[in-house]
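Quick one: structure below, then a few questions.
The values are calculated or read from the model by the stated rules, or taken from the named source; none is laboratory data. Being a predicted model, the structure only gives us computed values, none of them experimental. In this analysis, Cβ positions are derived from the backbone assuming ideal geometry, glycine residues included, and neighbour counts consider all displayed protein chains. Accessible surface is based on the protein model in full, side chains and every heavy atom, while ligands, DNA and RNA are left aside. Shrake-Rupley method; radii C 1.70, N 1.55, O 1.52, S 1.80 Å.
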Amino acid sequence: MKKSELVICVMIVLTLGLSAQVRNNSKNNDFNNLRESKSGLKLIYYSPAQKWSSQALPIGNGHMGGMIFGGVIKDQIQYNEKTLWSGGPGAWSEYQGGNKDGAALYLPKMREVIAKKDYKAAEKIMEQHCLGNPKAFGAYQDFGNIYLDFSKTIQNSEGVTNYYRELDLDKGLVRVGFDYNGHKYTREYFCSYPDRVMVIQLKSTNAAGLSFSINADCAHSDSKILYNKSNNTITTVGKVADNKMGFESNIKVRANGGKLSVQGDKIVVENADSVTLIMAAATEYVNSHPTYTGGNPQKIVSDILSAVNNKSQTQLKENHLKDYQKLYSRVKINLNNSSFGTSDKKSVASQATDALLKDYKVSGNTDLETLMFQYGRYLLIASSRAGSLPANLQGVWNNMNIPPWNCDYHFDINIQMNYFSSEVTNLTECSEPLVDYINSLRAPGRITAEKHHGVIGGGWVVHPMNNAFGFTASGWETYWAWAPFNAAWICQNIWAKYKFHGDKEYLRTKIYPIIKEQAQFWQKSLVPDEDGYLISNPAVSPEQLPISDGPTSDQAMCYELFSDVIEASQILKIDASFRKELIKMRDKLLPLKIGSWGQLQEWKYDWDKKDNKHRHVSHLVTVYQGERISPYTTPELAQAARVSLQARDDVKGDVHGWSLIQRVGLWARLLEPEKAYAPLNTLIKGYLTANLFSLTGGVFQIDANLGVPGVMSELLLQSHLGNINLLPALPKAWPSGTVSGLCARGGFEVDMKWDNYKLKKTAILSKLGNECVVKTPMLNSNFIIVNAQTGKPVRFKKINDTIKFKTTAGSTYLIDFQ
Ligand code: FUC
């Protein structure tokens, strides 16, 4: 930077009077209002759900999930417990995470044939000797259902009026209500994380008006359901057929007024004023290699229920709200000054989710985008909390024992996308289960590193498909089996936790050991090519043959991983010699290449076809979530990435929900707002069900839902290049809006208000006291910066469209554009 370019600006325009006014304003400013306001966002329906995957409404607390149908005569609540899995060591005594003994012995032979460009031969060797063994991979399981039968009171749903069913995103609960025979009936359903229970409360305005029965079923044949007269509970105990994993759930029924009795296979409620069901569930599963068992579900469930025994329904609800709202309410968003979510009558009427979806297809009403943003955050909070496994392919919701893709942990984008939103949308607590899960894969992943890759003495790896039992081996079909790249990729999510929040102790104890040991894997497995560059070999560009050497996905992610580990070790001031070694190796990695039609080559060789339809674009992962390619820092590579992505967009091939959302993130990073917005629009128009679940190949898969808030945020705020870039890719559809509470790397929280495509104000809370570097074209107009607490102007340095200023931890800085 030239000194002459550096203008030191001291605010001289601010008089005392103005700063007093600003201070006053800062208490009452738009952001404070925004932060305090309720968003009022809901998914609203005027009929009960008939279908599980497309209509029922999800609740969850990370451990458990429930899908609410809200039927009038018969209600159904399907439920899950996150650790209930088939497969694993209990299902097969020789289970060893899918690893194939001796696979690594074939690496030299594969390299030999790859050097001769005989890729078919490499494929054959992989197929015969190196694939993982899917036996006992297992699947995430359904648990069972609770049924509420009201047929004694309501014989005919025709007499029912004013029916509604809603998921209230502000409160994290589902409500059902209707009128019948002159009385109002309401039900409320939520899963509480602090109390680890599902709660269902039923009320009626008709005193003593609740008469119904409750029964349950279980999705596993080796189970029994006990209706206990002494304490009005329904206990389900059983074992998963193949692995004998024990599980238990217990539903406690409480009634206010009236009478409870067990009559055969049901609990009968007669003439109660209100009724509460409290349910806990657990399994024998423990995430501990190699046995993965040892839990005592009976004790866990009974401890949970004893702990809530003296808590009223109101207390349970308060605990839930306090916990849930602490997370959810951190981020507010309003696109286009919408009254959506307010109590404005007109807007409420048009808020029915079906109507919104229909309307979106015609008018592109951005209210649905706002809803999808917050729904994604809701679903993450509901499906990923510390103490259980991370969100799987369906979060925590699954009603099948043989679900699509085993409802597993897929590492060739799906689990990464599940956590696209956790840091930027201020939900870092929700990515803790991810870090714990990845940490738990180090022990089995070390064995795979040795058996499949010949990496000895440290270095873990995973491949595309993983389960709850440390299945880190390569997959079982040649075209997708081999992808150690996936392990480097998930380290991006983990490293982001430090970059955003700056917790050095967490870096030292949790993040660094994981990413360091992943780097050790590559340190030992990269090999020199004919020109002396370090490459992966054998290797696959995810889900596309051939098996060759040095595809961009591996090379680029390895570069990112090494860079992150280098930086982390510098921050922690440890591992100096390892760091030096990584720096040397990073310099020798095969460089990224631009091919004959200007594309970023997906492979080491110029093989890319313009009409390649494949949904996976893993060679571009270094654009997003990585940092290496950016229009700001590597314009030529960024242009090549644009060409590659455009070609894939043009062929309009192979679209899955997640592939659309990945493209939003990629185009946003490539600073192409319209191209980024288009796939978001396509997702909402064509790849959502009525309950706004996203679809992959026609089936529910949660990655796109969970990814939406993260990639929408990339349009509004990017912070991966050492600055906070405000409104870097604002699409035409969002001329005005407000957002508050988004996180930026370096420990900042950002609020913004924009109008007519121009940033009007921003408030930046510095949580760690780091220097703040802000970038936006708006800095070329007049602006002032004040410390919101003191009301005093702030000194800053300005270089073109970037400013820098010092901050103190805990202070908020307001930038007002004239
Ligand atoms: C990968 C993707 C599919 C799907 C599956 C779970 O195989 O290519 O689209 O998301 O994972």
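Return yes when LEU727 is within 24 Å of THR622 (Cβ to Cβ), in contact with a helix residue (DSSP H, G or I) (Cβ under 7 Å, 6 or more places away or on another chain) and open to solvent by less than 20 Å² (accessible area, probe 1.4 Å) and no when it is not.
no
Mind listing just one residue for me: the one in region 384-394 that is within 14 Å of the ligand (Cβ to nearest atom) and over 20 Å from MET712 (Cβ atoms) and, of those, surrounded by the fewest Cβ atoms within 10 Å (Cβ to Cβ)?
My answer is LEU393.
If ASP529 satisfies every condition in (1) open to solvent by less than 30 Å² (accessible area, probe 1.4 Å); (2) touching a Ser or Thr at 6+ places or on another chain (Cβ under 9 Å); (3) more than 23 Å from GLY722 (Cβ to Cβ) but one, which is the exception?
Every condition holds for ASP529 apart from (2).
Related question: How many of the residues in region 753-777 are part of a strand (DSSP E or B) and either in contact (Cβ under 8 Å) with a residue 40 or more places away in the chain or in contact with a helix residue (DSSP H, G or I) (Cβ under 7 Å, 6 or more places away or on another chain) (or both)?
Qualifying residue count for the region: 14.
Further question on the same structure: From the list ILE574, ILE583, exactly one residue is part of a loop (DSSP other than H, G, I, E, B), farther than 27 Å from TYR119 by Cα and open to solvent by 10 Å² or more (accessible area, probe 1.4 Å). Which is it?
Exactly one of ILE574, ILE583 is part of a loop (DSSP other than H, G, I, E, B), farther than 27 Å from TYR119 by Cα and open to solvent by 10 Å² or more (accessible area, probe 1.4 Å), namely ILE574.
Can you go through TYR378, TYR360 and tell me which one is of a type outside the set (Lys, Arg), away from the ligand (no atom under 16 Å from the Cβ), in a helix (DSSP H, G or I) and under 23 Å from the mean Cα position of the chain (by Cα)?
On inspection, the qualifying residue turns out to be TYR378.
Filter region 700-717 down to residues that are small (Gly, Ala, Ser) and either open to solvent by 10 Å² or more (accessible area, probe 1.4 Å) or away from the ligand (no atom under 13 Å from the Cβ) (or both), then give me how many there are.
2
Continuing with the same structure: Could you go through region 669-684 and let me know if any residue there is aromatic (Phe, Trp, Tyr), under 15 Å from GLY364 (Cβ atoms), more than 14 Å from the ligand (Cβ to nearest atom) and at pLDDT 95 or above.
yes
Sticking with this structure for a sec: For residues in region 642-651 being of a type outside the set (S, T, N, Q) and away from the ligand (no atom under 16 Å from the Cβ), which is surrounded by the fewest Cβ atoms within 10 Å (Cβ to Cβ)?
Taking the candidates together, the pick is ASP650.
Also, I was wondering about something else. Just checking: which of the helices (runs of 4 or more DSSP H) contained wholly in region 270-354 hold 1 or more residues that are open to solvent by less than 20 Å² (accessible area, probe 1.4 Å) and β-branched (Val, Ile, Thr)?
Passing ranges, in order: 297-308.
Additional query: Quick one: how many residues across region 594-616 are more than 14 Å from SER553 (Cα to Cα), within 29 Å of the chain's Cα centre (by Cα) and open to solvent by less than 40 Å² (accessible area, probe 1.4 Å)?
Qualifying residue count, region 594-616: 2.
Keeping to region 194-232, report how many residues are within 15 Å of LEU277 (Cβ to Cβ), part of a strand (DSSP E or B) and without any contact (Cβ under 8 Å) to a residue 40 or more places away in the chain.
1
Please work out which one of (1) more than 31 Å from the chain's Cα centre (by Cα); (2) closer than 28 Å to HIS220 by Cα is the condition ALA255 fails and give its number.
The one condition ALA255 does not meet is (2).
Given TRP476, TRP397, TRP405, which one is farther than 17 Å from ALA487 by Cα, touching a Ser or Thr at 6+ places or on another chain (Cβ under 9 Å), within 16 Å of the ligand (Cβ to nearest atom) and in a loop (DSSP other than H, G, I, E, B)?
TRP397
Mind counting the residues in region 617-641 that are more than 16 Å from the ligand (Cβ to nearest atom), buried (at least 24 other Cβ atoms within 10 Å of the Cβ) and not in a loop (DSSP other than H, G, I, E, B)?
1
Now for a different question. For region 262-272, state whether one or more residues are in contact (Cβ under 8 Å) with a residue 12 or more places away in the chain and under 21 Å from GLY65 (Cα atoms).
No; the residues of region 262-272 include none that is in contact (Cβ under 8 Å) with a residue 12 or more places away in the chain and under 21 Å from GLY65 (Cα atoms).
Hey, any hits in region 743-756 for a residue that's under 27 Å from SER659 (Cα atoms) and in contact with a strand residue (DSSP E or B) (Cβ under 7 Å, 6 or more places away or on another chain)?
Yes, region 743-756 contains at least one residue that is under 27 Å from SER659 (Cα atoms) and in contact with a strand residue (DSSP E or B) (Cβ under 7 Å, 6 or more places away or on another chain).
Scan (1) within 12 Å of the ligand (Cβ to nearest atom); (2) more than 16 Å from PHE373 (Cβ to Cβ); (3) open to solvent by 10 Å² or more (accessible area, probe 1.4 Å) for the single condition LEU660 breaks and write down its number.
(2)
Tell me, which helices (runs of 4 or more DSSP H) wholly within region 410-462 include 1 or more residues that are away from the ligand (no atom under 16 Å from the Cβ) and within 11 Å of PHE521 (Cβ to Cβ)?
442-453
Let me ask you something else. Filtering region 106-158 down to residues that are small (Gly, Ala, Ser) and in a helix (DSSP H, G or I), which residue is farthest from ALA56 (Cα to Cα)?
Looking at residues that are small (Gly, Ala, Ser) and in a helix (DSSP H, G or I), I get ALA115.
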